[in-house]
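Comments concern the structure below.
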Amino acid sequence: MEMKTCQILGVNIAVTNMEQTVKYLEDNISNLRGKYITVCNGHTSVMAYEDKKYRQVQNEAVLSLPDGEPLSIVSRRRGHMEAERVTGPDLMDEMFVRGQAGNGLKHYFYGGTQDTLDKLKVILENKYPELQIAGMYSPPFRTLTEKEKREDVERINQSGADIIWVGLGAPKQENWMYEQKGKLCGVSIGVGAGFDYHAGKLRRAPKWMQKISMEWFVRLLQDPKRLWKRYLVTNVKFIWYTRREKV
């Protein structure tokens, strides 16, 4: 069940591609229950490099996927020529397509706003009518009580979900999945803004921009006030840290 990895800034990034990742999920779904998968980019890699606890959270994931193209580029430069980018939104879409084709997996959506979930439900039901949606829940945007955490776990487990898509944003979603490790009926996958993309609230960059590692720029233009520091500062840090890192 193990997948080859390349350590980047202390995080074990999976050396994989979309086809291999989807097959891994479908073939190992029973063994993945209660575990979690992180979807990493330059920002989360820098956070993990600077925060030992968050690095531990990333490395206890059964997989840390290379959402950001720079991670795949670094992996290839370090000898893993087969490494490709696997983004959260694209992985969701691939699994929805497989669900539409009848793979039988049930999907739960935890996170986002209620408005986002309402839009997402309508779009998914129209686009993938055979997709099994086990449930959706938008938790409060504050620290949850222990009682609320237990209720969330019970709600998810009662749904019988196989895949729990977690859209809380980093590092909140990774910390939540780490805290719930071993408690949930399915595998949790943190996908950040994936809910907003599939709900039509955010637009993806053109493919050519994705290939040259510029998707972050389109995301920045859509939410500059909140994201300027994350992208401009951490992108520079990522380049600096990886270039001086001893392999």
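Taking the chain as a Gaussian network of alpha-carbon nodes connected by springs under 10 Å, the highest mean-square fluctuation of the residues Trp176, Trp165, Trp228 belongs to Trp228. Hydrodynamic estimate: the Kirkwood radius of segment 110-210 over Cα pairs, inserted into Stokes-Einstein at 37 °C and 0.692 mPa s, corresponds to D of 227 µm²/s. Highest mobility in the GNM of the chain, judged by mean-square fluctuation with C-alpha springs under 10 Å and restricted to Leu63, Leu32, Leu144, is found for Leu144. For segment 187-193, 3J(HN,Hα) computed residue by residue from phi via the Karplus equation (6.51, -1.76, 1.60; θ = phi - 60°) reads 8, 9, 10, x, 10, x, 7 Hz, glycine and proline entered as x.
The convex hull built on the alpha-carbon positions of segment 1-95 has an orientation-averaged projected area of 5.6 nm².
For segment 98-147, the list of trypsin sites (Lys or Arg not before Pro) that fall in a loop by DSSP and count at most 12 other C-beta atoms within 10 angstrom reads Arg142. In the elastic network of the chain, a GNM with C-alpha springs shorter than 10 Å, the most mobile of Glu69, Glu60, Glu151 is Glu151.
Take every pair of alpha-carbon atoms less than 8 Å apart whose residues are at least six positions apart; their mean separation over the length of the chain yields a relative contact order of 24 percent. Karplus-derived 3J(HN,Hα) values for segment 80-93, using 6.51 cos²θ - 1.76 cosθ + 1.60 with θ = phi - 60°, are 9, 5, 7, 5, 9, 6, 10, 7, x, x, 5, 5, 4, 4 Hz; glycine and proline are entered as x.
Taking 7 Å steps out from each Cα toward its Cβ at Lys225 and Glu151 produces label points 3.1 nm apart. Applying the Karplus relation 6.51 cos²θ - 1.76 cosθ + 1.60 with θ = phi - 60° to segment 124-136 yields 3J(HN,Hα) values of 5, 5, 7, 7, 10, x, 8, 5, 8, 9, 6, x, 9 Hz, where x marks Gly and Pro. Counting 0.36 nm for each residue step from Lys4 to Asn17 and taking away their Cα separation leaves a gain of 3.5 nm. Quick one: pull the percent of accessible area on the chain belonging to carbon and sulfur, 1.4 Å probe, ligands and nucleic acids left out. Carbon and sulfur together cover 52 percent of it. Other residues within the sphere of radius under 12 Å centred on the Cβ of Asp115, judged by their own Cβ, net out at +1 (K and R +1, D and E -1). Extension gain for Glu130-Lys53 works out to 23.7 nm (0.36 nm per residue, less the C-alpha to C-alpha distance). Averaged per residue, the chain has 49 square angstrom of accessible surface, using a 1.4 angstrom probe with ligands and nucleic acids left out.
Between Ile123 and Gln158, full extension at 0.36 nm per residue minus the direct alpha carbon distance yields a gain of 10.2 nm.
The values are calculated or read from the model by the stated rules, or taken from the named source; none is laboratory data. Here the structure is a predicted model, which means the values were calculated and not measured. Positions of Cβ are generated from backbone atoms using ideal geometry, with glycine treated the same way; all protein chains shown enter the neighbour counts. Keep in mind that these areas ignore ligands, DNA and RNA; they rest on the heavy atoms of the full protein, side chains included. Shrake-Rupley method; radii C 1.70, N 1.55, O 1.52, S 1.80 Å.
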